[in-house]
Amino acid sequence: MSWASRLKLFLGVIVVLGVVAGCTLVFTQRQSAAQSATATIEAETFTVGAVYAGTVVDQLVQPGDTVAAGDPLLTVHSVQLSRDLEDDVITPAELDGVDTTAGTYQVVATVDGTVASIDTPVGDFVTAGGTPSPSSPARRAAGRAPVAEAPRRAHRRMPRHRSRATR
């Protein structure tokens, strides 16, 4: 083998090693970079609850409506509210939009914002605190799950100890 052939071989090996190193560098840079075509932004949400248990009789807003703090969202009919008003446990001034003759009150927005969803349609029963009843006719007809469920607590069985009474 002549010196010219050896030099060509050496330069060829150097070029091949350079191409492999360059490809490896580009490949590792592309693997470590995150690329995304979509993104999600989540806004802060506020759940509005009912003060007294009752049936939703009127829905005053739709999802997507802009509301200010204090704007009425729903009207709820409550038998317990009627009893408390008769017994002077509460006065109409203490709740928003109380109709003493009909036994209803209004659930109002707590902050300015946009209505994301209404999980209690007209005819649905809400408990105090705003949790819809999963057994209400409207909920069963729609085939939806309740909006809020109590977190399940892990049930831990304690070991049984048998004690013998001594006399």
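The values are calculated or read from the model by the stated rules, or taken from the named source; none is laboratory data. In this text the structure is predicted, and so the values were computed from the model without any measurement. Because the Cβ atoms are built from the backbone with ideal geometry, glycine has one as well, and the counts that use them run over all protein chains shown. Surface areas here come from the heavy atoms of the whole protein model, side chains and all, with no ligands, DNA or RNA. Shrake-Rupley method; radii C 1.70, N 1.55, O 1.52, S 1.80 Å.
Observations on the model:
- The condition of being at pLDDT below 80, open to solvent by 80 Å² or more (accessible area, probe 1.4 Å) and not in a loop (DSSP other than H, G, I, E, B) holds for only one of R140, R162, that being R140.
- Of the residues making up region 57-70, those that are part of a loop (DSSP other than H, G, I, E, B) and touching a Leu at 6+ places or on another chain (Cβ under 8 Å) are L60, V61.
- Among the residues of region 29-51, those identified as among the hydrophobic types (A, V, I, L, M, F, W, C) and over 21 Å from the mean Cα position of the chain (by Cα) are A33, A34, A37.
- Summed over region 78-111, residues that are of a type in the set (A, V, I, L, M, F, W, C), open to solvent by 50 Å² or more (accessible area, probe 1.4 Å) and more than 26 Å from E44 (Cα to Cα) total 3.
- Test for G18: is it modelled with pLDDT of 85 or more, in a loop (DSSP other than H, G, I, E, B) and open to solvent by less than 90 Å² (accessible area, probe 1.4 Å): no
- The lone exception for A39 - which of (1) over 10 Å from Y105 (Cβ atoms); (2) at pLDDT 80 or above it fails: (2)
- When region 71-126 is filtered for residues that are in a loop (DSSP other than H, G, I, E, B) and in contact with a helix residue (DSSP H, G or I) (Cβ under 7 Å, 6 or more places away or on another chain), the ones remaining, listed by number, are I90, V98, T100, G103, P121, G123, D124.
- Residue in region 60-67 that is touching a residue at least 12 places away in the same chain (Cβ under 8 Å), exposed (fewer than 10 other Cβ atoms within 10 Å of the Cβ) and out of contact with any strand residue (DSSP E or B) (no Cβ under 9 Å at 6 or more places or on another chain) present: yes
- Filter result for A33 (open to solvent by less than 100 Å² (accessible area, probe 1.4 Å), over 23 Å from V126 (Cβ atoms) and of a type in the set (G, A, S)): yes
- Candidates T38, T75, T45 - the one that is of a type outside the set (G, A, S) and surrounded by 10 or more Cβ atoms within 10 Å (Cβ to Cβ): T75
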